[in-house]
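Since the structure comes first, as structure tokens, the remarks are kept for the end.
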Amino acid sequence: MKTQFDWSKRVVSLENLRAMCDYSSGIAHRFWIEKQTKNRVYVAYSNPDEYGSESPMLAVFPIYPNSFDDNPCVVLDIVNVIRDNWDGEGWQSFDPIMDCPKLWMNPNGEWSEESK
């Protein structure tokens, strides 16, 4: 018997992912794009300890090109977590990115949850 499935994955532009990282970051929990390669983007997550030491984890997301070379498509599907310091459960720390509401840039260049 073969497994069957049909689902939709969320795909965002690299600039939207950057905005999602800013949106999801707070005083202690921070997200940022660490690096980008031709087919992967590395999103870092850090929650510094009581001494201010950061030990960021990196979530790896796949990228595929589109007609906007400088703003490729990012599939919000974690391929790997590097430097997982949550005993194999580090992917959960990226839930704020995965569950981030849709963000739109208004004419003033500001990101918000609604298009205005």
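Throughout, read-outs are computed from the coordinates displayed, never taken from laboratory work. Everything numeric in this text was worked out from a predicted model, so none of it was measured. A quick note on method: Cβ atoms are made from the backbone with ideal geometry, for glycine too, and the neighbour counts reach across all protein chains shown.
Pairs of Cα atoms nearer than 8 Å and 6+ residues apart set the relative contact order; for the stretch 1-83 it is 27 percent. Across the chain, the convex hull enclosing all Cα atoms gives 147 Å³ per residue. Count Lys and Arg as plus one, Asp and Glu as minus one, and take only other residues whose Cβ is under 13 Å from that of Asp77; the net charge is then +3. Over the chain, DSSP H runs of length four or greater, each weighted -39,500 (n - 2.57), average out per residue to a 222 nm ellipticity of -3500 deg cm²/dmol.
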